[in-house]
Amino acid sequence: MDGVIKRRSLCAIVSCFLLFLLAYNSSTVFYVQVPVPGNSSPEISSFLTENVARKSRKLVSLSTSAKLSSSVIYAVKEETPLVKPNTQLIISRKNPNLVGFTYDSVAYQPRRRRKKKPLVKVLPSGDRINVFSMRMKEFFGSKSSNSSCKFRFFMTWISSIESFGERELFAVESLFKAHPNGCLVIMSTSMDSPRGMQALNPFLEKGLRVTAISPDFMYLFKNTIAQAWIDNLMKGNIDPGEVSLGQNLSNLLRLGLLYKFGGIYLDTDVIVLKSFGKLRNVIGAQTIDVETRNWSRLNNAVMIFDKRHPLLYKFIEEFALTFDGNKWGHNGPYLVSRVVSRVSGRDGYNFTVLPPMAFYPVDWNRIGSLFLGPRNETQSKWLLLKLQQIQRGSLAVHLWNKQSRELEVEEGSIIQHIMSDCCVFCNSYSSKL
């Protein structure tokens, strides 16, 4: 028995000795001393921090700098070898803004092509921006006589395809009836689809130029103060409020489209009656003061402006600086009213405020009168006089969608007469516009 115990003790001692040798050999085989300069990390950190701070002071979106730095870190992680290389930060003598990395480790020599791949994956936004700009230029940029755009129209649609119905289609129809050589871009993610284009196909078959394109906010508002606002919204740093965020984004989007490209913006519940050919840098008043006869409120449902007009920049600036998602109209009609009241009379702002009759001949609380047919002789005379007044003095009619969406177009109503005058596909709409 004692012999057995002694043999087991001897085996245990030998096993422990062998494990010790194995551990020692392992640490010797897998240990590699990597010399790293003591000041490399502080240089990288201070450089990136300084870069971000400098850009933020210029009101350039912080997202650009933040995304770039995170992308570089991500790219280094993708390219990290099994053996950590000696990394040094090199600043070009010719241009101190150019920074590169050198790898001194013999164990790892990455190829240049492989080094760029992660950056392409992390920063695909440039490709998206190019797609958006290319689609816009392709649509508006054709110089052939058969497809030139004499008028650039924009609409925005933030709802589903199913809700883009007869009223919206008739608004498009009236636009082309008054401007057969115009071009319309519907800025919408839902309409930018096979089903959306199918809804617009009747216009294309008639040779009319209309398309739907998904918006690119970062492209439209690059180098404006709204770029930082959008970035903060995406990060959750801005309270969207109780009012529909889509509605407020539509208010901003129309400003960016006109500022970037110039042209005519229309809400999808605006019926066009006449050509806008003689209008330039125009916004319409919704109401006027009965005593002073000066405008008391403007509206942004119809706007016509040159590319990069300074008033549009002021609108965009006001949106970003004073956004309030809890007050209806604060970022839309009230916004344009605030800005115009401040800049009126200043040098460099050349624009015209048209009277309510131009685009808003009937205010929102009386829009129902245009859908009613005559009940008696007195009402029949009033309808006739009102129709003639609109036909003489108005360029468009805003239907105030929220108040009139459920109204039916009655026989002999003003809206029925307007529909018969402004249709391209006549007799194709029901009594519920």
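The values are calculated or read from the model by the stated rules, or taken from the named source; none is laboratory data. Quick caveat: nothing in here was measured; it's all calculated off a predicted structure. Glycine gets a Cβ as well: all are built from the backbone with ideal geometry, and neighbour counts include every protein chain shown. Only protein heavy atoms, including side chains, enter the accessible area calculation; ligands, DNA and RNA are left aside. Shrake-Rupley method; radii C 1.70, N 1.55, O 1.52, S 1.80 Å.
Taking the residues in the range 139-162 that are among the small types (Gly, Ala, Ser) and either under 20 Å from residue 207 (Cβ atoms) or open to solvent by less than 30 Å² (accessible area, probe 1.4 Å) (or both) as candidates, determine which candidate is modelled with the highest pLDDT.
Only one residue tops the list, namely 141.
Six or more apart or on different chains, Cβ atoms under 8 Å: show the pairs whose first residue is in the range 170-184 and under 12 Å from residue 154 (Cα atoms) and whose second is open to solvent by less than 10 Å² (accessible area, probe 1.4 Å) and assigned to a helix (DSSP H, G or I).
Short answer, once both residue conditions are applied: 172/200; 172/203; 182/175; 182/176; 184/172; 184/175; 184/176.
So which helices (runs of 4 or more DSSP H) stay within the range 170-260 end to end and still have 1 or more residues that are out of contact with any Pro (no Cβ under 9 Å at 6 or more places or on another chain) and within 25 Å of residue 397 (Cβ to Cβ)?
Those helices (runs of 4 or more DSSP H) span 194-205.
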